[in-house]
Amino acid sequence: MRKMLWKIRATRRFWYALERLPLFLAVTFSAHGGLLSARGRTLIWGKIRRFFLSLFPPLARFLREKHGLVGACSSCGASCNLLFQCPHWDDRSRLCSVYEDRPAVCRLFPITPSDIRDRDLVAHELGCGFSFESRPEQQPILVRIPLRRARQDVE
């Protein structure tokens, strides 16, 4: 039963992601917000990058941890309006209508600090509940392993 439920949810997530494809293509090739503007190119690249990172959730979680993600969603809706408005975002209630079955790209947002920068391009006046704490770089531990000296037979 659990396996069947998982398959149904995965299929829903796939369709939710697929229904955004026409919106993405329309905005990408539009004259004012797409490939012809620097802001549009930044947002398009961010969407593509997040989509491919979300295909590998362990990698996305590793990157979130590596960059020091802290905080929680403040339901401002800015991440749901990157490049185009998500069809599942409700402005009045400030909630996602498919929250339980939302695609991985939504579940994992933000993955890296550049996602917050993309979000700030859309709604810089609204503060984001997420942030990234810069962690001091840890120096790798170097272990010196003594090499065995070759025995020389002296006769």
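Here, each number is a calculation from the coordinates, and none is a lab measurement. No experiment lies behind these values; they were computed from the predicted model shown. Methodologically, a virtual Cβ is constructed for each residue, glycine included, from the backbone with ideal geometry; neighbour enumeration extends over all protein chains shown.
Side notes on the structure shown:
- Mean separation of Cα contacts under 8 Å (6+ apart) over length of the chain, as relative contact order %: 28 percent
- Taking the helices alone, the chain has a mean residue ellipticity at 222 nm of -13000 deg cm²/dmol, built from -39,500 (n - 2.57) per DSSP H run of at least 4 residues and averaged over all its residues.
- Pairwise label distance in nanometres, R94 with W45, each label 7 Å out on the Cα-Cβ vector: 3.2 nm
- Distance from the Cα centroid of segment 51-104 to that of segment 1-40 is 13 Å (rounded to whole angstrom).
- Absence of a disulfide-compatible partner, taken as no other cysteine beta carbon within less than 4.7 angstrom, is noted in the chain for C73, C76, C96, C106, C128.
- Taking label positions 7 Å along the Cα-Cβ direction at both S114 and L18, the computed distance is 2.9 nm, reported to one decimal.
- Stokes-Einstein translational diffusion, segment 2-132 - Kirkwood Rh over all Cα pairs, 1.567 mPa s, 4 °C, in µm²/s: 84 µm²/s
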